[in-house]
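Novice: Submitted below is the structure of interest, expressed as structure tokens.
The values are calculated or read from the model by the stated rules, or taken from the named source; none is laboratory data. Just so it is clear, the structure is predicted and the values come from calculations on it, not from any experiment. Cβ sites come from the backbone with ideal geometry, for glycine too, and all protein chains shown count toward neighbours.
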Amino acid sequence: MRKSLILSLTVFLLVGLSASGAAAQEKPRYGGILNWYDYADPGRLDIHAESPLSVQQALAGIYSGLLHYDPDDPTKIIGDLAESRTVSPDSKTYTFHLRKGVKWHDGQPFSAADVKATFDRVLNPNFQSPRCGSMLKPMVASVEVVDAHTVQFQLKFPAAPFISAVASAWCRVAAKHILEKYGDLTKPEAQIGTGPFKFKRYERGSVIEWEKNKDYFIPGLPYLDGVKQFILTGVPTQLAAAKAGRIMLWDTWPPMKKTQADELRNARGDEVRIYQASINTIFLIYMHTQKPPFNNPDMRRAVNLAIDRQELVAKTLEGAGLPCAMLDPRLVGDFALPLLEVNKLPGCRQPKDLDIAEAKRLVEKHYPNGVDIEAAVRSVGGYIDRAQLVLAQLRKIGIRGTLKTYESAAGFSVYGKGDFTFISTQDRAMVTADPGDVFALVYATGAGSNWGKWSDPKVDELTERGLKEPNVEKRKQIYHELQRYLLTQDTTAVVAGWVEGWFFQDKRVRNYQASPTIYDHSTFMKVWLAQ
Amino acid sequence: MRKYVARRLLLFVPTLLGASILIFVLMRLVPGDIAEILVYQTGTESSAVQQKQIQQIRDELGLNRPVVVQYLAWLGNALRGDFGYSYTQRRPVTDILKERFPRSMELAFLTIVVALIWAIPLGVISAVRQNTWADYLVRVVSISGLSLPIFFTGVLILYGLVRFFRYLPPLEFVAFVDSPAENLKQLIWPTLAQAYYISAPITRLTRSQMLEVIRHDYVRTARAKGLAERAVVYRHALGNSLLPVITFIGWWGGRLLGGIVIMEIIFAIPGMGTALVQAVSYRDYPTVQAIIFVMALVYLTINLFVDLMYGWLDPRIRYA
Amino acid sequence: MANRVELAVGMAREAGIAPARVGGAQGVLHALGWFAGRQPLGAIGGLIVLALIATAIFAPQLAPHGAKDAAFTQYLPPSAEFPMGTDQLGRDVLSRVVWGARLSLYVGVVSVAFGITLGALWGIVTAYFGGVADGASQRVVDVVMALPPVVLALSLMAALGQSVNNVIFALAILLTPTAARTLRSVALSIKETPYVEAARAAGCSHWRIIFRHVLPNTLATYIVLFTVNIAYAIVVEAALSFLGLGAPPDEPSWGGMLTAGTQAMETAPWMIFFPGLAISLTVFGLNLLGDAIRDLTDPRLRGGLG
């Protein structure tokens, strides 16, 4: 009797175990080429010097960084070329211990000298590096080689965003001997990295191909034989390729609109997984603070109160976005003000009757007959639609805007020079997942995207403190204070919200995770294709 | 004749120069330059650094020199076959031209051939059966080709292929010499879209030329001699009608090149059109300058050839 | 001094290829009927063009809403309330198409009027006076024509910025050289006729000759160019919209609506269908009309003359 009990229990256990085993991870399959597309021709391939996403798409899998976002769990930053790291007690010295036995794609051995060469280049004051360089230059004093497999970064002050910056896909490590040979990394021939894929072919305007790096330093990876990106610049063509199954995923800029997602669903139904995701991009409405009418804080306040963020997200982003928040809790966790608090603030709260009435009053106080302004917008993506809705909202409070559309480049020229009164909409994509980015880029005095030329010493002071605060809890407090201040002040840029979009993956694509920024998730290191 | 040829050749060069000056000036009038784009588009550096970087880029590229100096420098180099370096691709513009020019020319050539094959017989029918229902039908069909903007036709074709036939033309360009089949599979669709569009004026012109010629004496004589109607039409009338049609194509070539820009974008063909649009967006002056120069050169060469042909055929000029 | 047109018309009447002289309103109807009989396709074209003009003039009465009112639900299919559906911002497509008639007509007519008229005058005057002025102006025309039109328009729009007036300006510049060249060759052929020689011999001033003899005889060509190029202008504006450089997108330009509609072809096909229909019908009608007028007035094409 007992024997049969033990036997049946054992059988039960075995069945249970094997069942759970089957329900657990599928075994990754080797082989296959992943097809997708790049929305623009990258042109120049220097990962340290260029800034568009199209360049990152072309090169991501070729290189490795010291650190990167974990392909299995992109909210974490883990070591890539650096096996481990230590920080000095004053948080000003970071020591990275590098992997051994790593080879470049041309067979040369990787060592700390390559890391020093890379970061010396990026940090060189005469070298223009709008992504990696602009992040690291204010923070890093020097990079030194300790020994062949150890590198040390000396910071100017205990910089909180340092790790996020080093983990960025823009701060990848290049080979010293390649930099010496070619001088820069612009050419296809110079694309020698340590990443999971080798740069196989670049047919300008047509296609970019990667092939598997058989000597990749993580044994067993990558699973794919290669990655192929078609260069498709027209939206109808991109959509047609998706519907015909010629591309396997859409994870680039701009995201699909809901109508396109619906069409795709009709065309391919069960074969694809369509989902909504954040692109870590903030939707801003700018006012020039040194020119009438918006040099008057009352007018800025009026705009702040009148803009219906929820309507903007619902109609122009088709619901794919988070209205009002200056920091998105889903991206930066506790650093963001709780949404409950944000949604009660004037300007954001619904219904808007009180706020609109107050806004009208403020406008009438200074312009009893209303005011006419010229509203700039770049004719890109969905910007025009957004701009039209923003102007319709402002018309309710007596601000009559005429839309002035600019061709993309001309628009940036105008913004940079300050030749505008009002920018109806301009997005800013975050490069790292660090909460301080928004403030350093948009609201600080003289910041790169502070088109409205706003200057508020309190904001500068808080931003500076947040940058240098090593203690995480104290840092959170600083950013909370900053958000509260900016959301209630009459700032240069009204936050309409954080932008999301629709994307799709062919169901055969497995283990593709989106990272917190739009720049960090195209290495395809651990992605595989099912049958 | 010699004087005629000499005059035509002499006029060729200043016209080409004039076109290059015109586009040079136009591009400088367009707001924003590559320096501002590169720096402001990322918007990450502080504004003080931005100003410095813009000046630095402009110095590197020689954009701070007076415009006249820039033009003369460009001209000097261009005459030696050096079109400079592309701002967006940092490689010689001549390389870009060598890559892209044959592709666009292939598309243009195919479009013209298909358009002629389709349009000329239609024009003949329309002329021979003037004012009958056949004539009306031809005119309606060909005018409807003109009635839709080509980008629309192109997008419709792409959409229709995917929606109803689950078929998408190849997205990767393969040169004709590498694989004629793959090449044509991609190029056939923009060719059809554009050929349909430009066939209307060709049909119309063929028709009017034929109508004029048909009335002439020698045609009546041929008819009187009892030659088969078809021989009359095709051998005598058509032959003499073709010349103005060919002139017309040379003249219309300009419009064709513009339409190619749009077709290349829709059908993902990496030709001069897409290179041009990208170059204009990024204010890549050397590339724009060179591509326009080549397009103008092609257009003027065709016209020169046609002019010379006319001169040779017109006895008043040939024997002057 | 009888002018050549009057003489020609008289001869035509006698030969039965122009309507007989009938006075007043009855005369107009008679002429129209004659035209319809002679050129049925042209008559159809004419009707379409008339419908277009009427829509443009009576737009405020015909359109149920404003062209920029974004007050409604997005992407509504055609229904009783919105016979042509709504677009991506919730605007009534019918209203935008109707207002678009006014915009397209305005852009088309004004740009063509400027471009063709300027080009015509330029071509005629320089052809008449000949010499260095003629040679130089022909070079200028050649230079402008050497640039592909779309590229020229693109650069102009990028340089000037997007606005309806700038579109008109860019289109006018596009059309001027063609008109100059065409009308120049017509003017050249007229210059050689006996009438003009006689007039000069009689001592008429150059300008008098131009106005009384040359211009009236170029009228037919001018009208044909005019109608046909309005269609071309509308189509070019649509192409510019596709490239992002047409009229500002909140304006109800048919081309802009077409471009926006390509983003939602399956889910909201009405966004493309109705503006597309509007453009095609308009261009179609204009071309038919222009074709018919050309047929009528080009002496070489009259059937029946042996």
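Novice: Any residue at all in the stretch A:304-322 that is surrounded by fewer than 20 Cβ atoms within 10 Å (Cβ to Cβ) and hydrophobic (A, V, I, L, M, F, W, C)?
Specialist: yes
Novice: List the pairs whose first member sits in the stretch C:247-269 and is more than 7 Å from chain A (Cβ to nearest Cβ), whose second member is among the charged types (D, E, K, R) and assigned to a loop (DSSP other than H, G, I, E, B), and whose Cβ atoms are under 7 Å apart, counting only residues at least 6 apart or on separate chains?
Specialist: Listed pairs, sorted by first residue: C:260/C:87.
Novice: Go through the stretch A:7-47 and report how many residues are more than 23 Å from residue A:505 (Cβ to Cβ), at pLDDT below 60 and either among the aliphatic types (A, V, I, L, M) or within 28 Å of the chain's Cα centre (by Cα) (or both).
Specialist: 9
Novice: Considering B:187, B:161, B:146, which residue is within 29 Å of residue A:268 (Cβ to Cβ) and facing another protein chain (nearest Cβ under 9 Å)?
Specialist: Selected residue: B:161, the only one of B:187, B:161, B:146 that is within 29 Å of residue A:268 (Cβ to Cβ) and facing another protein chain (nearest Cβ under 9 Å).
Novice: Checking residue A:242 against (1) at pLDDT 90 or above; (2) within 14 Å of chain B (Cβ to nearest Cβ); (3) surrounded by fewer than 18 Cβ atoms within 10 Å (Cβ to Cβ), which single condition isn't satisfied?
Specialist: For residue A:242, the exception is condition (3).
Novice: Identify the residue in the stretch B:265-279 that is facing chain A (nearest Cβ under 9 Å) and part of a helix (DSSP H, G or I) and, among all such residues, is farthest from residue B:18 (Cα to Cα).
Specialist: Residue satisfying both the conditions and the ranking: B:266.
Novice: When the residues of the stretch C:213-250 are filtered to those that are within 14 Å of residue C:115 (Cα to Cα) and not β-branched (Val, Ile, Thr), which remaining residue is surrounded by the fewest Cβ atoms within 10 Å (Cβ to Cβ)?
Specialist: Taking the candidates together, the pick is C:222.
Novice: Among the residues of the stretch A:217-231 satisfying the criterion of being surrounded by fewer than 24 Cβ atoms within 10 Å (Cβ to Cβ) and within 9 Å of chain B (Cβ to nearest Cβ), which is farthest from residue A:41 (Cα to Cα)?
Specialist: Filtering the stretch A:217-231 for residues that are surrounded by fewer than 24 Cβ atoms within 10 Å (Cβ to Cβ) and within 9 Å of chain B (Cβ to nearest Cβ), the one farthest from residue A:41 (Cα to Cα) comes out as A:228.
Novice: So, residue A:237, is that one facing chain B (nearest Cβ under 10 Å), surrounded by fewer than 21 Cβ atoms within 10 Å (Cβ to Cβ), out of contact with any His (no Cβ under 8 Å at 6 or more places or on another chain) and among the β-branched types (Val, Ile, Thr) or not?
Specialist: Criteria not met by residue A:237.
Novice: Just to be sure, is residue A:305 within 14 Å of another protein chain (Cβ to nearest Cβ) and either in a loop (DSSP other than H, G, I, E, B) or of a type outside the set (Ser, Thr, Tyr) (or both)?
Specialist: No, not satisfied.
Table: residues versus (1) at pLDDT 90 or above; (2) under 30 Å from residue B:178 (Cα atoms); (3) of a type in the set (A, V, I, L, M).
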| site | (1), (2), (3) |
| --- | --- |
| B:31 | no, no, no |
| B:75 | yes, no, yes |
| B:115 | no, yes, yes |
| B:129 | no, no, no |
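Novice: Taking the stretch B:165-202 as the search range and keeping residues that are under 19 Å from the mean Cα position of the chain (by Cα) and of a type in the set (Ser, Thr, Tyr), which one is modelled with the highest pLDDT?
Specialist: Applying the filter and picking the extreme gives B:191.
Novice: Follow-up question, since we're still on this one. Given (1) in contact with a helix residue (DSSP H, G or I) (Cβ under 8 Å, 6 or more places away or on another chain); (2) within 14 Å of another protein chain (Cβ to nearest Cβ), where does residue A:349 come up short, assuming only one miss?
Specialist: The failed condition is (2).
Novice: If the Cβ limit is 7 Å and pairs must be 6+ apart or interchain, which residue in the stretch C:215-235 that is under 24 Å from residue C:153 (Cα atoms) pairs with which residue that is surrounded by fewer than 20 Cβ atoms within 10 Å (Cβ to Cβ)?
Specialist: Partner pairs satisfying both residue conditions: C:225/C:182; C:230/C:109.
Conditions (1) of a type in the set (S, T, N, Q); (2) within 14 Å of chain B (Cβ to nearest Cβ); (3) more than 29 Å from residue A:518 (Cα to Cα); (4) in contact with a Lys or Arg (Cβ under 6 Å, 6 or more places away or on another chain), marked per residue:
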{"position": "A:387", "(1), (2), (3), (4)": "no, no, no, no"}
{"position": "A:396", "(1), (2), (3), (4)": "no, no, yes, no"}
{"position": "A:400", "(1), (2), (3), (4)": "no, no, yes, no"}
{"position": "A:405", "(1), (2), (3), (4)": "yes, yes, no, no"}
{"position": "A:411", "(1), (2), (3), (4)": "no, yes, no, yes"}
{"position": "A:419", "(1), (2), (3), (4)": "no, yes, yes, no"}
{"position": "A:422", "(1), (2), (3), (4)": "no, no, no, no"}
{"position": "A:426", "(1), (2), (3), (4)": "yes, yes, no, no"}
{"position": "A:429", "(1), (2), (3), (4)": "no, yes, no, no"}
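Novice: Here is a follow-up. So which of C:108, C:119, C:123, C:115 ends up being buried (at least 24 other Cβ atoms within 10 Å of the Cβ), part of a helix (DSSP H, G or I) and within 14 Å of another protein chain (Cβ to nearest Cβ)?
Specialist: Criteria check complete, one pass: C:108.
Novice: Please report, ordered by residue number, the helices (runs of 4 or more DSSP H) entirely within the stretch C:187-267 with at least 3 residues that are over 30 Å from residue A:262 (Cβ atoms).
Specialist: C:194-201, C:206-209, C:215-242
Novice: Shifting gears a bit: Checking the conditions here, which among A:252, A:259, A:281 is among the hydroxyl-bearing types (Ser, Thr, Tyr) and away from every other protein chain (no Cβ under 14 Å)?
Specialist: A:252
Novice: Out of the stretch B:164-181, which residues are more than 10 Å from chain A (Cβ to nearest Cβ), in a loop (DSSP other than H, G, I, E, B) and among the hydrophobic types (A, V, I, L, M, F, W, C)?
Specialist: Within the stretch B:164-181, B:175, B:176, B:177 qualify.
Novice: When the stretch B:286-312 is examined, which residues are found to be surrounded by fewer than 21 Cβ atoms within 10 Å (Cβ to Cβ) and either in contact with a Cys (Cβ under 6 Å, 6 or more places away or on another chain) or within 9 Å of chain C (Cβ to nearest Cβ) (or both)?
Specialist: Matches in the stretch B:286-312: B:297 only.
Novice: Same structure, new question: Looking only at the stretch A:132-162, filter to residues that are assigned to a loop (DSSP other than H, G, I, E, B) and touching a Ser or Thr at 6+ places or on another chain (Cβ under 6 Å); which one of those is surrounded by the fewest Cβ atoms within 10 Å (Cβ to Cβ)?
Specialist: A:148
Novice: Among the residues that make up the stretch B:131-138, is at least one of them hydroxyl-bearing (Ser, Thr, Tyr), over 22 Å from the mean Cα position of the chain (by Cα), on the phi < 0 side of the Ramachandran plot and assigned to a helix (DSSP H, G or I)?
Specialist: Yes, the stretch B:131-138 contains at least one residue that is hydroxyl-bearing (Ser, Thr, Tyr), over 22 Å from the mean Cα position of the chain (by Cα), on the phi < 0 side of the Ramachandran plot and assigned to a helix (DSSP H, G or I).
Novice: Having 2 or more residues that are out of contact with any Leu (no Cβ under 9 Å at 6 or more places or on another chain), within 14 Å of chain A (Cβ to nearest Cβ) and of a type in the set (Lys, Arg) is the bar; report the helices (runs of 4 or more DSSP H) wholly within the stretch B:1-98 that clear it.
Specialist: By residue number, B:47-61.
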